[in-house]
Amino acid sequence: MDSLTQIVLGAAVGEAVLGKKVGNKAMLYGAIAGTIPDLDVLARNFVDTVTATEWHRGFSHSIFFSVLFAPIFGWLVWKLNTKDIATWKDWSWLMFWGLFTHPILDAFTTWGTQLFWPLEIRLAFQNIFVIDPLYTLPFLVFLVLAMFQKRTSDRRRKLNRWGLVVSSSYLILTLILKGFAFQKFVSSLENQNITYSEIDIRPAPFSTLLWTANVDVDDAYLIGNYSFFDTKPIHFESYQKNQTLLGSLKDDDKIKRLIKIAEGWYTISKEKDQLMFNDLRFGLLSLKQHEKQFAFSYQLTPTKNGVKVTETPKKMSDADGLFQSLWQRILGN
């Protein structure tokens with residue numbers, strides 16, 4: 001999830017664990033703990049694109065990391081707050097839950113998380129987008145209201161608890177919505193006599209009212225969108241895999257790792273003799289028909305030392321097209 005959401009979750013967890021003893025400091029250090037796992041993005045400054053992508057939501061998002069570093073961070077916080085009645089154990093417990101709930105929440109997104117690192121198992125339930133105002137904003141309101149209550153107040157604890165309950169309930173609701181959306185996609189494929197080998201669905205950006213499906217149909221992928229306000233059949237657009245364009249590059253180590261990262265959901269395109277690797281798991285840059293640009297694409301440049309992989313940079317103008325097409329599509333077809 002986005003940084004704000006993880007800060008809110010960490011602060012609420014910190015309050016639940018230690019708020020009665022240390023007041024708003026519990027929220028502060030909980031928020032810090034909820035931010036720490038995402039510092040793995042700094043790896044991009046030191047390693048190549050593929051390695052940094054592999055490391056993201058890996059070690060720092062694992063149970064092992066939470067257990068290993070909670071007492072270390074807890075000791076540091078304890079030393080900084082020796083006048084408080086909270087013990088090293090108290091602070092360690094707060095840090096553990098702040099660190100651990102971060103990857104648990106991330107497991108519900110499309111990217112997922114390698115919770116059981118070093119095992120190569122990535123949990124990705126794909127029922128909530130990385131930014132979802134319906135999850136974050138009510139949670140934030142309850143947290144802010146709790147922040148201005150006395151630390152020993154029952155009202156403070158109730159407000160914080162309500163924030164955790166409402167946000168968790170919304171997560172459960174999104175799983176139910178995903179189930180309904182999945183059935184709609186399957187029914188639509190059957191009604192259109194489309195034979196497929198695999199289907200993968202996820203929420204569209206910022207909303208769980210609109211869902212996107214990737215459908216494997218042998219030499220191509222179909223991509224379709226379904227809104228709960230739709231009145232017409234789902235339209236699926238075809239994207240050729242073109243994976244043969246890789247040629248001998250498919251045996252390159254970085255290409256193999258990219259394919260693994262994309263979990264096999266990828267296409268290859270060619271633009272002015274430049275090969276592009278498109279990761280389908282995160283969809284297109286807009287929901288307009290005939291959109292060709294994917295949210296995550298990588299330039300593949302052959303060199304003497306193997307393939308150089310460069311992620312295509314995002315532009316602010318890309319978001320403008322997405323927001324406009326997203327709102328129109330949510331309202332139905």
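Just the accessible area per residue of the range 197-333, please: how many Å² with a 1.4 Å probe?
Heavy-atom accessible area per residue stands at 52 Å².
Using only Cα atoms, find the angle between the long axis of helix 316-330 and the longest principal axis of the chain, and express it within 0 to 90 degrees, rounded to the nearest 10.
Helix 316-330 sits at roughly 90 degrees to that axis.
Starting from the Cα of Lys314, draw a straight line to each of the lysines and keep only those under 21 Å, dropping any in the same chain fewer than 8 residues away.
By straight Cα distance, Lys314 reaches Lys270, Lys272, Lys288, Lys292.
Which listed residue (Ile85, His102, Phe182) has the Cα farthest towards the positive end of the charge dipole for the chain, taking +1 on Lys and Arg C-beta and -1 on Asp and Glu C-beta about the Cα centre?
Ile85
What is the Cα centroid distance between the range 161-228 and the range 85-109, reported in whole angstrom?
Their Cα centres are 31 Å away from one another.
Pairs of alpha-carbon atoms within less than 8 angstrom and 6+ residues apart define the contacts here; what relative contact order does the chain have, in percent?
Averaging sequence separation for qualifying contacts and normalising by length gives 13 percent for the chain.
Let me see the pair-distance distribution of the range 259-333: every alpha carbon pair, 5 Å bin width, integer percents in order.
The percentages, shortest bin first, are 3, 14, 21, 22, 17, 11, 6, 3, 1, 1, 0.
Quick one: check the C-alpha center-to-center distance for the range 235-288 versus the range 27-82, whole angstrom.
Cα centroid of the range 235-288 versus Cα centroid of the range 27-82: 31 Å apart.
Rg to Rh for the chain: what is it, with Cα atoms only and Rh by Kirkwood?
Working: Rg = 22.1 Å, Rh = 21.7 Å.
Rg/Rh: 1.02.
Probe 1.4 Å, all protein chains in place: accessible area of Glu263 in Å², nearest 10?
Using a 1.4 Å probe on the heavy atoms, I get roughly 100 Å².
Mind pulling the angle between the C-alpha long axis of helix 24-35 and the longest principal axis of the chain? Nearest 10 degrees, somewhere in 0 to 90.
That helix lies at roughly 30 degrees to the long axis.
With springs only between Cα atoms under 10 Å apart, run a GNM on the chain and tell me which of Gly98, Gly163, Gly23 wobbles the most.
Per the Cα network of the chain with a 10 Å cutoff, Gly23 tops the list.
Identify, among Leu173, Ile201, Val217, the residue whose Cα sits farthest towards the positive end of the charge dipole of the range 116-227, taking +1 on the Cβ of Lys and Arg and -1 on the Cβ of Asp and Glu, with the dipole about the Cα centre.
Leu173
Specify which residue in the list Leu137, Asn127, Ser153 is farthest towards the positive end of the charge dipole of the range 114-160, using unit charges on the beta carbon of Lys, Arg (+1) and Asp, Glu (-1), about the Cα centre.
Ser153
Quick one: work out Rg over Rh on the C-alpha atoms of the range 99-168, Rh as Kirkwood radius.
Radius of gyration over Kirkwood radius for the range 99-168 works out to 1.11.
Hey, with R₀ at 51 Å, roughly what FRET efficiency would Asn305 and Asp154 work out to, going by the Cβ-Cβ distance, to 0.05?
0.20
About the Cα centre of the range 162-251, what is the dipole size in debye to 20, counting +1 per Lys and Arg Cβ and -1 per Asp and Glu Cβ, all else neutral?
With only Lys, Arg, Asp and Glu charged at Cβ, the dipole is about 340 debye.
Going by alpha carbons, how many degrees (0 to 90, nearest 10) lie between the helix axis of 133-147 and the longest principal axis of the chain?
So the inclination is approximately 10 degrees.
Can you give the FRET efficiency for Gln274 and Arg44, using 1/(1 + (r/R0)^6), R0 = 35 Å, r = Cβ-Cβ distance, to the nearest 0.05?
On the way: r = 22 Å, r/R0 = 0.62.
E between Gln274 and Arg44, to the nearest 0.05, is 0.95.
Over the range 104-243, what portion of Cα pair distances is larger than 28 Å, expressed as a whole percent?
Above the 28 Å cut-off, the range 104-243 has 34 percent of its Cα pairs.
When all protein chains stay in place, what accessible area (Å², nearest 10, 1.4 Å probe) is found for Thr152?
So the heavy atoms of Thr152 present about 80 Å² to solvent.
Could you give the Stokes-Einstein D for the range 1-45 in µm² per second, using the C-alpha Kirkwood radius, 37 °C, 0.692 mPa s?
Roughly 310 µm²/s, to the nearest whole number.
If only Cα atoms are counted, what is the Rg of the range 197-300, and what is its Dmax, in Å?
14.3, 46
Multiply the residue separation of Leu119 and Lys315 by 0.36 nm, subtract the distance between their alpha-carbon atoms, and state the gained length in nm to one decimal.
Full extension of this stretch gives 67.0 nm more.
The values are calculated or read from the model by the stated rules, or taken from the named source; none is laboratory data. Just so it is clear, the structure is predicted and the values come from calculations on it, not from any experiment. Cβ: placed from backbone, ideal geometry, glycine included. Neighbour counts: every protein chain shown. We work out accessible area using only protein heavy atoms, side chains counted, and drop any ligands, DNA or RNA first. Shrake-Rupley method; radii C 1.70, N 1.55, O 1.52, S 1.80 Å.
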